Structures are given as structure tokens and as C-alpha cells.
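Visitor: Please find one structure pasted underneath; my questions will follow.
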Amino acid sequence: MALEENRAFLREDWTLLLWTTLAVLLPVLITLWCSFQRPKRKVQLKDLFRKSKHGWHYTDLFNKPTYCCVCGVPILQGAFCDCCGICVDEQCVREADRSQACKEIMSQKHTEGKICHQWARGNVPLASYCVQCKQQCGTQPKLCDYRCVWCQTMVHDDCLSSLQNDLCDLGEFHSLIIPPYYLDQVNKLRRRHPEEYCKLAAACGTGWTPLLVLANTRSGNNMGEALLGEFRTLLNPVQVFDLSELPPSKALQLCTLLPPGSVRVLVCGGDGTGQDQFIPLVTILPLGTGNDLSNSLGWGAGYAGEIPVEQLLRNVVEAEVVKMDRWKVQVASKGNYFRKPKVLSMNNYFSVGPDALMALNFHAHREKTPSFFSSRIINKAVYFLYGTKDCLVQECKDLDKRIELELDGERVALPSLEGIIVCNIGYWGGGCRLWEGMGDEPYPPTRVDDGLLEVVGVYGSFHCAQIQVKLANPVRLGQAHTVRLVLKSSRMPMQVDGEPWAQGPCTITITHKTQALMLYHSAEQTDDDDDDSSGSEAEEVSAHHTANHALKT
């Protein structure tokens, strides 16, 4: 009897052990299987996305209640199109490709000079209102109501049939959007000439200033990709370019198909250039950590999503046009008489010394491990560590013995410096007003259009840090139309607009190149810590704008 009881207990123990093992192993096996299947699924989806007319992006979790536009069921993960805004379950992507049309970047216009509304059903923005009955949309827990993918107009399911006007005026940002019918007409032109583009632009209304958006998706906190999607939703997708996929020169070829002088360019964490009469009006949305040019032009020191994209577009529409000097930096290496000098373009500043050394070390480290530099805090911490290291090592000491400086042809006697900075704009080092500084000396404020460069010196990395926290002033060496530096011996770190390199003995000549048309935003304070100096710069730029009022489009 006792033996049978022991056997029963053993069977129960083995059964419990078996079920416990299965309970532990089964979730692990399922997780491992899903882990192996996910890359395979992503490869299949990526191939499907590449062939699709939609701009699909996969997400593991939607940030609000979302319904599939094909089957209508609630979904947590799936794909969304960043051009037309439709959302689908993973299993419905192929069906959505067949049944749901995306924004057409080029199409014929209506007989009245407009296009028809293109409706996308469901998932309308929160707190949106019907254009017909003025009641709130999207309040029911299901796939309901419609949104025009061009003008962003909302309408209830029941109100759509009674909507009297089915023509789309492209909405609030019509003056920034390249209408699909404009590109269709350009495609039919036999003679492509600026005069022909001006004739076609008449159909787009008065004050039409099409906007091109260039985003560097690797800048800042990887915000570039999300910003691209929001701009594609509000504008024509053909106006939005990813600088990680093509160079700025290719993106700006679209300027040659638009009326000269009408184009505005918003650069998000990148830079761009134009050519001849098609040079656009440029503004900058800062995504990284430096952002001194955007700060000088009133667009702030950094963008972290605190302002809606719609407000950014309104700011671009209201921005003032100013001129900004651009400079040619010619580097002639010593002894290489048969090699052409290296020629660079400078918009912000040139420097030789500790700040260029920190930029060079940071750049080299980021090239090796780019994934590590995905946070502004980490980027600034790395800069701090390199600056602390240079305070101890002093790699750039005795610069005054190794370099000669000439301002407009006159030799300048240098004190015991470690660095020289040549500035075109008012800000340096991530928000420091270098030329005006602190103190009571009557130095005129910098201007971006006066054809003058401000030249200052620093005693080392610690001095740079003191300047940035306003505990010290730089050594003001003077202002000049032409700056010449002669590096007589050894190698020194140098940089132009944040692009660093190590340079041997050479002669550097900085001369005026041209002026670019930039957009200045005067509605916001750009330096909270220095209200007086920020106000003076805003007054300077505003006064300059008044003198050049004819530049406004």
C-alpha cells in the first residue's frame, strides 16, 4: 500500500516537473522563434515597401488608438504611410496598395484651376472638426470620418455626401506647396525656361513661395526621419528630401523647375547650396548641438519637437529676408607649388586651435561608432571630456610662435595664444556671443552682411569654457575684409563650419565670396541668458531688412 502511494507521489512530482518545465521553456521557445522570424518578416516587408507607391513605415506600437483602413479592426502594430497618412495592419499592406491611393506628386488640375479633394478614411487627428457641420470628428471608437490628404480638411461620414464644394485649395499652406498640376504642366513644356515657369506660377496664386525641405536624418536625436514624415503629410512629397540618400545638389535641382527667386529652403540638420539665379531663400531647423547659424538668424539653438510642424511652416511664411556674407577659404600647403590650393566655403567661422582639436577628436570618434552619438547629452559629454583632456595636455600651446596673422594686409602681434577664431556670425561654440562678450568696452555688434570678419584669440580649452559660461572675454584681435594666416611649422587642427582636419604648414587666405539670401525669424528670443544682446542683434537685422525691403518675395 505504501509502495503504491510513493509511486503516485512520484508520478505527481514528475507531472508537476514536466508542466513547470514546459511553462518555463515554452515562452522562451516562442520568444526565440519570434526573434528569428522578425528579421525575416522585416526583410519581406522592406521588399514590399520598396515596390509600393506608398511611403510605408513599420511601427511596433501606434501612439494613439488606430484602426486599419482596410479591415477596420483596431491595431497596435503595423504600417503607416507618411505621405497620405493611412494606417494598416501588417496583413493588409498588399490590399492597401491595391485599393488605397497615395498622394500623386503630379496630376492634371480641375477645370476651375484646382484639384479635387483626396479623402483618406479614419484615424483623423485629435480635436479636429468637420468642415460641414463644425462638430468634432473622430470621436467614435471605430474607423470613421475622412481627411483630405492635401488640405487636411476633415468631414464626417454622414456629411461627405452633402459637401457642396469638392475642390481642394491645398489648405493653410497652399503658398508653400508645389501643386501636382504645376509639375504636370512643367512636364509638358517644350521649352523649359524661367519665363515659362513664371507663367505657370500665376495659376498657383499670388505670393506663391514653394518650400523645399532637406533633412539630415542622422542629426540630433534621430528626429530627422520623423520630421520628414510630418512634412510629407503637409506638403507635396516631392518637396521633401532625405540628405542621407542623396546630396543637397541633387535635391536642389528642383529649384531649376521653379520660378527664380521664389523658392524657400528649410534645412533640418544639414546644409545646401544653390546655383546662379535659382539660389533659394534658406532657413535652418537645428537638430544637432552646434546650431550657431540658426541661433544668429533667430531660429533657436536646437529643435526637440516642442513646436508643431504646422507652426514651423507658419514661421517660414512670416520670416524676413536678409543677406548673409559667404567667404572663400583658400588653403595653400607649403612646398606643394604644383598642387592647386584647397578651396572651401565658409558661412559661420574658421578656427585653428583647441576648439578645432575637440571637433576633430569628436568627428573621428563618431566615424568609428556612429550609433553611440544619438543623444545631445552624450555629444556634449564627449566634447567636455576632450576639452578636459586638452586642458591637461595643451596640444596647441605656443600657437603665437608657429603662426602669423595679417588683417587687411597688416601684421598683427599675437599674445601667448593657443587658438584663433575667425567669425562671420554673432554666435560661436553652441550659443556664445563671442565678439560682444561681457564688459563695458564699446565694441560694435556683429552683422552678417557688412563684409567684415571678426577675429579673436583664446588662451586654451579652459579659456574657451570660461567664455562659454560668460566668466571671461576672448582676446579681440580686430575686424577685417581679408584675413591671412601663415602656419610656419608643425601640424595644427583646423575647422571650417564644424568640418575639422589636421593641417601641416600652409598659408590660409579668407576673402569675401558672395552673399546668400537667408530667412530671419524675429518673433522669438534666441538667447534666454542674454536678453539685451539678443535684442540688439534683432534690431540690427531688422534695420538691415528695412533697407533691403525689396528682397521680400
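The values are calculated or read from the model by the stated rules, or taken from the named source; none is laboratory data. Keep in mind the model is a prediction, meaning the values are calculated, not measured. Neighbour counts are summed over all protein chains in view; Cβ atoms, including those assigned to glycine, are modelled from backbone coordinates with ideal geometry. SASA here: full protein model, heavy atoms, side chains in, ligands and nucleic acids out. Shrake-Rupley method; radii C 1.70, N 1.55, O 1.52, S 1.80 Å.
Visitor: Does any residue in region 196-209 that is of a type in the set (Val, Ile, Thr) come within less than 8 Å, Cβ to Cβ, of a residue that is open to solvent by less than 40 Å² (accessible area, probe 1.4 Å) six or more places away or on a different chain, and which pairs are these?
Guide: 209/175; 209/176; 209/262; 209/263; 209/264; 209/281
Visitor: Can you pull out the residues in region 516-540 that are assigned to a strand (DSSP E or B) and at pLDDT below 90?
Guide: Passing the criteria: 516, 517.
Visitor: Here's something else I'd like to know. How many residues, within region 142-158, are part of a loop (DSSP other than H, G, I, E, B) and among the β-branched types (Val, Ile, Thr)?
Guide: 2
Visitor: Right, something else. Mind checking which pairs have a first residue in region 64-81 that is farther than 19 Å from residue 229 by Cα and aliphatic (A, V, I, L, M) and a second that is part of a strand (DSSP E or B) and open to solvent by less than 20 Å² (accessible area, probe 1.4 Å), Cβ under 9 Å, 6 or more apart or different chains?
Guide: Hits for this filter: 70/88; 75/66; 75/87; 75/88; 76/66.
Visitor: Which numbered condition trips up residue 502, out of (1) modelled with pLDDT under 85; (2) in a strand (DSSP E or B)?
Guide: Residue 502 satisfies all of (1) modelled with pLDDT under 85; (2) in a strand (DSSP E or B) except (1).
Visitor: Quick check on region 162-185. Is at least one of its residues open to solvent by less than 50 Å² (accessible area, probe 1.4 Å), among the aromatic types (Phe, Trp, Tyr), part of a helix (DSSP H, G or I) and free of Cβ contacts under 8 Å to residues at least 24 places away in the same chain?
Guide: Yes; the residues of region 162-185 include at least one that is open to solvent by less than 50 Å² (accessible area, probe 1.4 Å), among the aromatic types (Phe, Trp, Tyr), part of a helix (DSSP H, G or I) and free of Cβ contacts under 8 Å to residues at least 24 places away in the same chain.
Visitor: Right, here's the next one. Tell me whether region 97-116 contains one or more residues that are of a type in the set (Asp, Glu) and surrounded by 17 or more Cβ atoms within 10 Å (Cβ to Cβ).
Guide: Among the residues of region 97-116, at least one is of a type in the set (Asp, Glu) and surrounded by 17 or more Cβ atoms within 10 Å (Cβ to Cβ), which makes the answer yes.
Visitor: Additional query: Criterion first (under 23 Å from residue 82 (Cα atoms) and either assigned by the TED database to the domain that holds residue 235 or without any contact (Cβ under 8 Å) to a residue 12 or more places away in the chain (or both)) does residue 121 satisfy it?
Guide: no
Visitor: Residues that are among the charged types (D, E, K, R) and modelled with pLDDT under 65: find the helices (runs of 4 or more DSSP H) completely inside region 349-447 holding 2 or more of those.
Guide: By residue number, 376-393.
Visitor: Next question, about the same structure. If you scan region 238-278, which residues turn out to be outside any strand (DSSP E or B), under 19 Å from the mean Cα position of the chain (by Cα), under 14 Å from residue 518 (Cα atoms) and at pLDDT 85 or above?
Guide: Scanning region 238-278 gives a single hit, 263.
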